[in-house]
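Student: Can you keep this structure in mind? I'll have questions shortly.
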Amino acid sequence: MGLTQALATSLAGLQATQTSIGVVAGNVANAQTPGYITQTATQVAVGSGDVGDGVRVTAINRLLDTFVQQQLRTETSGGSYADLSANFYQQLQQIYGQPGSNTTLDSVFNSFTGAVQALSTSPNSSVAQSQVISAAQALAAQLNGATGSIQALRSQADQGIAGDVQEANNALQQIATINQQLQGSTTDDSTKALLEDQRDQAIDQLSKLMDIRTSVGGNDQVTVFTGSGVQLVGTQAAQLQFSATGSISANQQWNSNPAVSGLGTILLVPPGGGGIDLIANGSVRSGEIGAYLNMRDNVLVQAQNQLDQLAAQMSSALSDTTTAGNAVSIGAQNGFDADIGAMLAGNTTRITYTDASSVQHTITVMRVDDPAALPLSNSATTDPNDTVVGVDFSGGMASVVTQLNTALGATGLQFSNPTGTTLEVLDSGPSTISVNSVDTTTTATTLTGGSGALPMFTDGSTPYSGAITSSGPQSIGYAGRIQVNAALLADPTKLTSYQAGTPAGDATRPNFIYNQLTAASLAFSPSTGIGGAASPYSGTLSAFLSQVVTQQSLAATAANNLQSGQDVVVNALQQRFDSTSSVNIDTEMANLLTLQNGYGANARVMSTVKAMLDALMQM
């Protein structure tokens, strides 16, 4: 090797070492910088033939385990979902009250039933009557307050979606901008690495908000998709659109049909235009946004349904009376007469019959005062075996009969109106069908109806009858509107006096109230999440309330367990990722010593070559 070649080799070594030292210095300086990935300089030998000309730095790379990185993003999304869900469940638990406290929902209900029981033993006691009224008001207030708190949580979730959508848009735009900067970029490797760090930080932030996956292409490009495969960003970013609702009521619910939806949806608008409803197609399943959506549209809606069903069934149990029809025979036809004149919207006439194949059927005829709500679905009742027929009563009895014959004529049932408000249901003759029973359920509207039933609770100032309108069932949000009947507040003696001349000390009505509250078996809607569509939950009010409290407690515990498990997984992956990608000062110092020694060796070679050249020149 000649002196000139030795000089070139040592110079190349000095330059490569200097570049590597600069990389180490950058690593140390950014050791505490969030999202910074350790950089390394790749050195390769260069030369011609069998003689080496030295080394040079061909690239500055990041120490990145992409597999662990993708795992970490997936679990980060799940961890954000679990953390937010656990937080909401904790707040929901506070609405039901601290277990063991006398302010919990079940304790307040038990206080109400206890006051009624005390009244049944002392019906003419004004003190006992006042205590029942007070306990009823406390229960109504508890249901009102719980409804307000649940809807406040839904509003909080709605606002959370709005905030996260804005944050997601910022991250998407940042990713697109960096993709554009890196596409065909002539910037040095160190600057590229820093840009990639910034892009990874934006993707990491996006993974906290929603479940995503990434695809790496040529020219240092990264494309981001939702977990379901909808593209979010490449060299151009899609835009997420969402309009927060503000204050939400129980009647406002999300629907895939924008014309009937009461809440905002998340619309993905690609760069080329158009739009994709990310909620309707289930594209957001995890991350903070996924948790907010689940709380706003599922968990909290179901919690409200539970309160509404409790309030509705309690009101109906105290105010509704079922009267059996009278058997009639006209020639060869048999059936029943039922007076339907007292039916309110939502009240029903129930018909059971056996067909020619000995199969028994049940038909529920429901009064509907809003024609826009027709036809009704079978879910209008809790009996999965029911056929529900909604009838508009506004046209009088002749219209009612016509509607029923049109809707049910194929069954073999024949409807008529022999007199007044009587509905007559007959079979079509021997060897066809057999009408087994007809009964009518009506809602008491006065406190002196001559029976134990009374409208103790009302929907604001109107009776609760389970009416269905085009806006939905009366039961939706009823827990927020339930109150003690104003007429009962004005005259508590009506807790025992159910008609003129009721004997002093008559316990008929208190006993009826107590029995309905504690012993009557009621069917609850599957929308409560307790029981299913094929087998709705049936039980007493207290048993249902116990199921609600237990279910919510178990759900909160499960959410906490999921949070703990996700935290362990995320922390373990983060440590594994940091072990290879984060700056290790000890390692960098060792590398620096090695580079300094190499730098010194190359410098000594140059110094020796210089001395030899000087000596040669002097010769």
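Conditions tested, residue by residue: (1) in contact with a Leu (Cβ under 7 Å, 6 or more places away or on another chain); (2) without any contact (Cβ under 8 Å) to a residue 24 or more places away in the chain.
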{"residue": "Val68", "(1), (2)": "yes, no"}
{"residue": "Leu72", "(1), (2)": "yes, no"}
{"residue": "Glu75", "(1), (2)": "yes, no"}
{"residue": "Gly79", "(1), (2)": "no, no"}
{"residue": "Asp83", "(1), (2)": "no, no"}
{"residue": "Asn87", "(1), (2)": "no, yes"}
{"residue": "Gln90", "(1), (2)": "no, no"}
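Student: Please verify whether Ala157 is within 30 Å of Val569 (Cα to Cα), out of contact with any Pro (no Cβ under 6 Å at 6 or more places or on another chain) and in the same structural domain as Asn294 (by TED's automatic domain parsing), treating the condition exactly as stated. Steps first, please.
Tutor: Working: within 30 Å of Val569 (Cα to Cα): yes; out of contact with any Pro (no Cβ under 6 Å at 6 or more places or on another chain): yes; in the same structural domain as Asn294 (by TED's automatic domain parsing): yes.
Taking the combined requirement at face value, the residue satisfies it.
Student: Tell me which of these Thr322 doesn't satisfy, since it passes every other one: (1) more than 24 Å from the chain's Cα centre (by Cα); (2) modelled with pLDDT under 95.
Tutor: (2)
Student: Now a separate question. Out of the residues in segment 355-386 meeting the condition of being at pLDDT 90 or above and among the polar types (S, T, N, Q), tell me which one is nearest to the chain's Cα centre (by Cα).
Tutor: Thr364
Rundown of residues vs (1) at pLDDT 90 or above; (2) among the charged types (D, E, K, R); (3) in contact with a Leu (Cβ under 8 Å, 6 or more places away or on another chain), yes/no style:
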{"position": "Asp189", "(1), (2), (3)": "no, yes, no"}
{"position": "Glu196", "(1), (2), (3)": "no, yes, yes"}
{"position": "Asp211", "(1), (2), (3)": "yes, yes, no"}
{"position": "Asn219", "(1), (2), (3)": "no, no, yes"}
{"position": "Val224", "(1), (2), (3)": "yes, no, yes"}
{"position": "Val233", "(1), (2), (3)": "yes, no, yes"}
{"position": "Gln239", "(1), (2), (3)": "yes, no, yes"}
{"position": "Asn251", "(1), (2), (3)": "yes, no, no"}
{"position": "Ile266", "(1), (2), (3)": "yes, no, yes"}
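Student: Read through the list (1) more than 30 Å from Val365 (Cβ to Cβ); (2) assigned to a strand (DSSP E or B); (3) of a type in the set (A, V, I, L, M), then give the number of the only condition that Leu300 fails.
Tutor: For Leu300, the exception is condition (2).
Student: Which residue is nearest to the chain's Cα centre (by Cα), if the candidates are limited to segment 457-491 and must be outside any strand (DSSP E or B) and at positive phi?
Tutor: For segment 457-491, the residue satisfying everything is Gly477.
Student: Additional query: Out of segment 196-233, which residues are aliphatic (A, V, I, L, M) and either within 20 Å of Val68 (Cα to Cα) or in contact with a Pro (Cβ under 6 Å, 6 or more places away or on another chain) (or both)?
Tutor: The answer is Ala202, Ile203, Leu206, Leu209, Met210, Ile212, Val216, Val222, Val224.
Student: To continue, here is another question. Which of (1) within 27 Å of Arg367 (Cα to Cα); (2) free of Cβ contacts under 8 Å to residues at least 12 places away in the same chain is the odd one out, the single condition Thr502 does not satisfy?
Tutor: So Thr502 meets the others, but not (1).
Student: Taking the criterion of being within 30 Å of Arg62 (Cβ to Cβ), crowded, with 17+ Cβ neighbours inside 10 Å and outside the structural domain of Ala250 (by TED's automatic domain parsing), would at least one residue in segment 552-567 satisfy it?
Tutor: Going through segment 552-567, the residues within 30 Å of Arg62 (Cβ to Cβ) turn out to be 566-567.
Then keep just the ones that are crowded, with 17+ Cβ neighbours inside 10 Å; that gives 566.
Still in the list and also outside the structural domain of Ala250 (by TED's automatic domain parsing): 566.
Yes, segment 552-567 contains a residue that is within 30 Å of Arg62 (Cβ to Cβ), crowded, with 17+ Cβ neighbours inside 10 Å and outside the structural domain of Ala250 (by TED's automatic domain parsing).
Student: Right, here's the next one. Which of the residues that make up segment 250-268 are surrounded by 15 or more Cβ atoms within 10 Å (Cβ to Cβ) and closer than 18 Å to Leu240 by Cα?
Tutor: The answer is Trp254, Leu263, Gly264, Thr265, Ile266, Leu267, Leu268.
Student: Which members of segment 269-284 meet the condition of being closer than 19 Å to Val233 by Cβ and surrounded by fewer than 19 Cβ atoms within 10 Å (Cβ to Cβ)? I'd like the intermediate steps shown before the answer.
Tutor: Restricting attention to segment 269-284, the residues satisfying the condition of being closer than 19 Å to Val233 by Cβ are 269-278, 281, 283-284.
Matches in segment 269-284: Val269, Pro270, Pro271, Gly272, Gly273, Gly274, Gly275, Ile276, Asp277, Asn281.
Student: If you don't mind, there's one more thing I want to ask. Tell me yes or no: at least one residue of segment 375-388 is in the same structural domain as Leu454 (by TED's automatic domain parsing), in contact with a Gly (Cβ under 8 Å, 6 or more places away or on another chain), surrounded by 13 or more Cβ atoms within 10 Å (Cβ to Cβ) and under 30 Å from Val548 (Cα atoms).
Tutor: Checked against the condition, which is being in the same structural domain as Leu454 (by TED's automatic domain parsing), in contact with a Gly (Cβ under 8 Å, 6 or more places away or on another chain), surrounded by 13 or more Cβ atoms within 10 Å (Cβ to Cβ) and under 30 Å from Val548 (Cα atoms), segment 375-388 yields at least one hit.
Student: So Thr245 ticks every box in (1) farther than 20 Å from Tyr292 by Cβ; (2) within 20 Å of the chain's Cα centre (by Cα) but one. Which box is left unticked?
Tutor: Of the numbered conditions (1) farther than 20 Å from Tyr292 by Cβ; (2) within 20 Å of the chain's Cα centre (by Cα), the odd one out for Thr245 is (1).
Student: Test Ser243 against the criterion of being surrounded by 15 or more Cβ atoms within 10 Å (Cβ to Cβ), of a type outside the set (D, E, K, R) and closer than 30 Å to Ala303 by Cα, and give yes or no.
Tutor: It is false that Ser243 is surrounded by 15 or more Cβ atoms within 10 Å (Cβ to Cβ), of a type outside the set (D, E, K, R) and closer than 30 Å to Ala303 by Cα.
Student: Identify, by number, the condition in (1) outside the structural domain of Leu447 (by TED's automatic domain parsing); (2) under 30 Å from Thr445 (Cα atoms); (3) not in a loop (DSSP other than H, G, I, E, B) that Thr322 doesn't meet.
Tutor: Unmet condition: (1).
Student: While we're here: Within segment 193-236, which residues are within 22 Å of the chain's Cα centre (by Cα) and among the hydrophobic types (A, V, I, L, M, F, W, C)?
Tutor: Leu206, Leu209, Met210, Ile212, Val230
Student: Given the options Ala171, Ala136, Ala193, name the one that is among the hydrophobic types (A, V, I, L, M, F, W, C) and under 21 Å from Asp211 (Cα atoms).
Tutor: Just one listed residue meets the conditions, Ala171.
Student: Restricting to segment 399-445, count the residues that are touching a residue at least 12 places away in the same chain (Cβ under 8 Å) and assigned to a loop (DSSP other than H, G, I, E, B).
Tutor: Residues meeting the conditions: 15.
Student: Follow-up question, since we're still on this one. Just to check your reading of the model, which residue among Leu517, Leu573, Leu545 is under 26 Å from Tyr81 (Cα atoms), in contact (Cβ under 8 Å) with a residue 24 or more places away in the chain and either touching a Pro at 6+ places or on another chain (Cβ under 6 Å) or buried (at least 18 other Cβ atoms within 10 Å of the Cβ) (or both)?
Tutor: It is Leu573.
Student: Quick one: Thr422 ticks every box in (1) over 27 Å from Asn515 (Cβ atoms); (2) among the β-branched types (Val, Ile, Thr); (3) modelled with pLDDT under 95 except a single one, so which number is it?
Tutor: Only one criterion in (1) over 27 Å from Asn515 (Cβ atoms); (2) among the β-branched types (Val, Ile, Thr); (3) modelled with pLDDT under 95 is unmet by Thr422, namely (3).
Student: Within segment 203-218, is there a residue that is surrounded by fewer than 15 Cβ atoms within 10 Å (Cβ to Cβ), touching a residue at least 60 places away in the same chain (Cβ under 8 Å) and hydroxyl-bearing (Ser, Thr, Tyr)? Can you show your working first?
Tutor: Taking segment 203-218 as the starting set, the residues that turn out to be surrounded by fewer than 15 Cβ atoms within 10 Å (Cβ to Cβ) are 215-218.
Remaining after also requiring touching a residue at least 60 places away in the same chain (Cβ under 8 Å): 216.
Of the ones still in play, those that are also hydroxyl-bearing (Ser, Thr, Tyr) are none.
The answer is no; no qualifying residue exists.
Student: Please go through segment 96-107 and pick out each residue that is in contact (Cβ under 8 Å) with a residue 60 or more places away in the chain and assigned to a helix (DSSP H, G or I).
Tutor: Hits for segment 96-107 are Tyr96, Leu105, Asp106.
The values are calculated or read from the model by the stated rules, or taken from the named source; none is laboratory data. None of these values were measured; they are calculated from a predicted model. Don't worry about glycine lacking a Cβ; one is built from the backbone with ideal geometry, like all the others, and counts go over all protein chains shown.
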